[in-house]
Amino acid sequence: DSGRARARNSLEWARCALRGVAMADGKVVELSYDELTDPASNLSDRIAAAYGKEGLGILSVSGVPKVAELRARLLPLASKLAALPDDVKESISDVDSSYSFGWSHGKEMLANGVPDYHKGSFYANPQYDTPTADPAEIQAHPSYARPNIWPEQHVPDLEPAFKELGQLMVTVGALVANRCDIHVQRHWQHASENGGGNISSRLENIIRSSKCAKGRLLHYFPVEEPSAAAANDLQDSWCGWHTDHGSLTALCCGAYLREEEEVPCPDHDAGLYIRNRRGKVVKASFPCSHIAYQIGEASQIHSGGLLQATPHCVQAARGASASGIARNSFAVFMQPQWDCPMDVPEGTSAEDVRVGQWEPGIDFGEFTRRTLQKNYHSEKR
């Protein structure tokens with residue numbers, strides 16, 4: 001069927017990419033925290049360079065207070081979660097949310113339809129333990145609206161560490177969204193007679209008001225040296241090709257661990273890869289002291305296509321030096337509330353937006369349902 005054909009095409013395309021076909025290094029646009037917090041700074045050119053039609057869909061922010069300390073507190077806890085007894089991990093899993101809260105392992109599918117046992121994830125809302133008390137909303141939107149589950153007895157440090165870093169990443173994300181709003185507003189003021197219409201402060205307000213942010217703490221299990229055949233297979237990737245469907249995704253730099261000691265990345269080819277607008281696969285790197293922000297399809301829609309999301313994947317470390325090394329990472333997905341209208345600036349069309357599962361009149365809950373239906377092999381958010 002067409003879904004299997006897409007998976008085969010994705011597999012073959014990724015194999016070519018990982019063999020070095022049409023690959024290049026990509027420079028990630030950098031903003032500083034001081035610039036973001038200075039109302040007088042003009043960052044529109046760099047927002048356009050990062051998120052516009054010629055950009056990689058990602059930027060990084062330097063100088064964020066406490067980020068190195070908070071990263072060092074949280075990331076080792078992913079290994080502690082993964083080492084818990086199976087019955088304990090089962091007790092902090094949430095089947096009713098399709099494993100979108102608490103512990104998840106082997107519940108997601110690789111592009112070839114095989115369950116993904118390479119990594120384990122712990123999901124939680126870093127801002128709200130109970131996003132809503134309305135039973136109807138919880139039933140209608142379980143992947144967003146169900147309450148958090150914390151392993152308080154077994155990993156008591158997890159909740160405060162997860163929340164503090166997650167909330168910091170959302171706070172800085174709102175500052176990035178504010179600069180996106182300024183850029184989008186200026187563009188549509190020039191392009192539209194109505195002066196920008198319904199878009200002033202739109203992205204920032206979405207991030208500040210939504211109760212749907214989702215943090216994901218990941219543990220990639222150590223593996224033995226892969227065979228030469230497996231090294232070129234999509235299954236060997238840590239995160240398959242996808243495009244984020246939310247507003248903004250925050251990433252902190254992953255940590256490579258041999259037992260409990262952090263070590264340098266054992267494979268210079270490992271890391272984040274992005275397919276740019278010309279179809280070239282680009283490796284995107286940022287310093288471990290930065291927080292990176294990738295733009296998502298919801299922002300592409302709300303900006304009328306001015307900001308554009310990009311397909312990306314994470315390639316596993318390979319080779320003898322990677323044997324026995326685990327990797328822990330943390331991401332926060334900032335997304336609209338489930339009932340947020342997915343509308344566009346006045347005067348724009350579906351051709352401007354270029355997101356196939358979107359149509360006028362739907363809300364983010366329906367947009368999510370259509371996205372997951374379209375990309376049934378995609379990672380859960």
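Residues of the range 328-360 being open to solvent by 30 Å² or more (accessible area, probe 1.4 Å) and farther than 26 Å from H187 by Cβ, which ones?
Of everything in the range 328-360, just one residue is open to solvent by 30 Å² or more (accessible area, probe 1.4 Å) and farther than 26 Å from H187 by Cβ, namely D339.
Could you count how many residues in the range 150-162 are closer than 14 Å to Y128 by Cα and open to solvent by less than 40 Å² (accessible area, probe 1.4 Å)?
2
Within the bounds of the range 11-19, is there any residue that is open to solvent by 70 Å² or more (accessible area, probe 1.4 Å), of a type outside the set (D, E) and either at pLDDT 95 or above or not in a helix (DSSP H, G or I) (or both)?
Checking the range 11-19: at least one residue is open to solvent by 70 Å² or more (accessible area, probe 1.4 Å), of a type outside the set (D, E) and either at pLDDT 95 or above or not in a helix (DSSP H, G or I) (or both).
Open to solvent by 20 Å² or more (accessible area, probe 1.4 Å), within 19 Å of the chain's Cα centre (by Cα) and in contact (Cβ under 8 Å) with a residue 24 or more places away in the chain - does that describe any residue in the range 77-95?
No: zero hits.
Just for the range 64-122: of the residues that are β-branched (V, I, T) and assigned to a loop (DSSP other than H, G, I, E, B), which one is farthest from E137 (Cα to Cα)?
That would be V64.
For the range 302-330, name all the residues that are in a loop (DSSP other than H, G, I, E, B) and out of contact with any Asp or Glu (no Cβ under 6 Å at 6 or more places or on another chain).
S303, L306, L307, Q308, T310, P311, G324, I325
Name the residue that is farthest from E262 (Cα to Cα), counting only residues in the range 53-63 that are open to solvent by 10 Å² or more (accessible area, probe 1.4 Å) and of a type outside the set (S, T, Y).
It comes out as K53.
On the given criteria, is W188 in contact with a helix residue (DSSP H, G or I) (Cβ under 7 Å, 6 or more places away or on another chain), in a helix (DSSP H, G or I) and open to solvent by 10 Å² or more (accessible area, probe 1.4 Å)?
yes
Return the pairs, sorted by first residue and then second, in which the second residue is of a type in the set (A, V, I, L, M, F, W, C), the first residue lies in the range 314-327 and is within 18 Å of H219 (Cβ to Cβ), the beta carbons are less than 6 Å apart, and the residues are 6+ apart or on different chains.
If the second residue must be of a type in the set (A, V, I, L, M, F, W, C), the pairs left are V314/W238; V314/C239; V314/L272; Q315/A270; A316/W238; A317/A270; A326/L257.
Would you confirm, using the coordinates I've provided, whether E366 is open to solvent by 20 Å² or more (accessible area, probe 1.4 Å), modelled with pLDDT of 85 or more and in a helix (DSSP H, G or I)?
yes
For the subset of the range 201-231 comprising residues that are more than 20 Å from D339 (Cβ to Cβ) and buried (at least 17 other Cβ atoms within 10 Å of the Cβ), which member is modelled with the lowest pLDDT?
P226
For the range 164-185, what are the residues that are within 17 Å of the chain's Cα centre (by Cα) and either at pLDDT below 95 or open to solvent by less than 40 Å² (accessible area, probe 1.4 Å) (or both)?
Result: L165, G166, L168, M169, V170, V172, G173, A174, V176, A177.
Name the residues in the range 115-134 that are more than 21 Å from the chain's Cα centre (by Cα) and open to solvent by less than 60 Å² (accessible area, probe 1.4 Å), would you?
Correct list: T132 only.
How many residues does the range 331-354 hold that are assigned to a helix (DSSP H, G or I) and of a type in the set (D, E)?
Of the residues in that region, 2 qualify.
The values are calculated or read from the model by the stated rules, or taken from the named source; none is laboratory data. The structure displayed is predicted, hence computed values, not measured ones. Glycine also receives a Cβ, built like all others from the backbone with ideal geometry; neighbour counts cover every protein chain displayed. These accessible areas exclude ligands, DNA and RNA; they are computed on the full protein's heavy atoms, side chains included. Shrake-Rupley method; radii C 1.70, N 1.55, O 1.52, S 1.80 Å.
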